[in-house]
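Structure, as structure tokens:
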Amino acid sequence: MKHLARIIAYTLIAVAITACVKETPKPDGTDVPADEQVTATQSAYSTGAAQKPRSMVCHDGKVYVTCGYPPAILRIDTASGVIDRMLKFNTQYDLEGIAVAAGKLFVASSWTTDASSTIIYDKRIFVVDISTFSLVDVIDVPSDPQRIVAVDNNHVIVTCGNGYNVPTTSVLIDAATHGVTELGYEMTALDVKDGLVYSYSGGYGTPASFYRLNPLTNTKETILDGCGVTKPYSINCIGDCIYVTTQDIYGGAGDVVCFAADGTQLWRSEAGMLPSKVAALGDGSAYVLNEGNWSNNEASLSRVILATGAITNNVFGTANGRDLGDVAQDLAVYGTKAYVTVSFSNTVEVVSISDNISRQIQL
């Protein structure tokens with residue numbers, strides 16, 4: 001989804017954003033060299049040491065943030081609100097999704113560009129021991145791993161490919177043995193509830209198909225059949241309801257659509273540009289993260305009442321007197337705070353749920 005938008009943008013504008021361009025070309029044209037040995041170095045963090053914050057996961061008082069340039073994981077202490085550690089990888093590939101299972105971080109190493117702006121894809125998942133914050137294993141998966149979500153404490157699911165120039169598939173990783181089982185399903189977006197994966201395929205010029213998957217048995221069933229959402233952008237499970245967001249890449253706001261478990265539409269509300277995640281706040285409301293298009297400073301945060309769909313848009317801008325920034329990539333809620341990565345603004349926003357006021361961490 002976001003990854004596909006980046007692929008198209010590279011094709012059309014030949015990498016207008018210089019921060020994305022890597023300086024070291026990679027051989028073999030399309031894939032990571034088979035003999036590249038990855039190590040990771042742990043250090044204190046200093047301003048400017050990492051850029052392009054992307055995905056997040058919260059665990060035991062810490063927020064872990066993947067970065068693309070250079071590839072690194074930042075660790076934010078939720079008590080102090082500061083980055084207390086960085087783990088930097090000696091590779092050129094952007095880090096994407098991140099998940100926690102069995103006391104480990106599972107991190108997708110996805111893609112890079114060479115000096116001629118050709119996109120080159122990785123095929124690896126990095127495994128980091130949380131207690132020592134060190135790299136302990138590298139797992140081979142299909143090309144271009146992106147999203148990672150924990151199914152339970154023993155398994156994580158990974159989406160691979162972009163549906164544009166790399167075939168899409170999905171794999172299940174055993175968090176203890178690091179064994180990989182290919183599931184084979186296209187997952188444009190996904191969420192997990194009670195060990196079941198809620199996902200969809202299509203939506204880019206083809207009809208979207210929603211389904212619920214049991215990854216441990218590799219069995220699936222169709223859901224939301226005939227729901228009327230033809231251009232979904234994310235799917236999220238909160239309580240007994242399924243929340244699907246819609247997109248219009250070329251302009252205009254997207255919607256949040258709430259469905260009951262049986263597929264009945266309960267409400268539909270207009271959010272901001274490219275709503276990419278709905279996250280419950282524990283008080284009957286949820287934040288909607290609106291990603292926004294590149295270079296237009298369109299990222300925003302909406303707040304919606306889950307029972308009724310009553311929505312207030314741009315709550316971040318209203319509360320803080322400034323814009324959220326350029327391309328909001330991920331939203332994570334932990335305790336009384338919400339954490340937002342804003343990739344091309346190189347910031348992490350720490351938002352108080354009570355009043356939407358944010359303290360900015362400038363990378």
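Readers should treat all values here as calculations from the given coordinates under stated rules, not as data from a laboratory. Keep in mind that this is a model prediction, so the values were computed, not measured. Methodologically, a virtual Cβ is constructed for each residue, glycine included, from the backbone with ideal geometry; neighbour enumeration extends over all protein chains shown.
Would you work out the charge dipole size for the range 231-363 about its Cα centre, treating the Cβ of every Lys and Arg as +1 and the Cβ of every Asp and Glu as -1, and quote it to the nearest 20 debye?
In total the dipole reaches around 160 debye.
Summing -39500 (n - 2.57) over the DSSP H runs of n ≥ 4 in the chain and dividing by its residue number, what mean residue ellipticity at 222 nm do you reach, to the nearest 500 deg cm²/dmol?
-1500 deg cm²/dmol
Evaluate the charge dipole of the chain about its Cα centre and quote only its size in Debye, nearest 20, assuming +1 on the Cβ of each Lys and Arg and -1 on the Cβ of each Asp and Glu.
Dipole about the Cα centre, nearest 20: 540 debye.
Mind counting lysine pairs for me in the chain? Cα separation below 17 Å, and the two need to be 8 or more apart along the chain or on different chains.
Taking the Cα cut-off of 17 Å, the pair count is 14.
Once the dipole of the chain is set up with Lys and Arg at +1 and Asp and Glu at -1 on Cβ about the Cα centre, which of Phe106, Thr78, Asn236 lies farthest towards its positive end?
Result: Thr78, furthest along the dipole toward the positive end.
Placing +1 on the Cβ of each Lys and Arg and -1 on the Cβ of each Asp and Glu in the chain, which of Ile125, Thr169, Trp294 has its Cα farthest towards the positive end of the resulting dipole?
Most positive-ward Cα: Trp294.
How much length would be gained if the chain were fully extended between Asn153 and Ile130, taking 0.36 nm per residue of separation minus their Cα-Cα distance, in nm to one decimal?
Gain in length upon complete extension: 6.9 nm.
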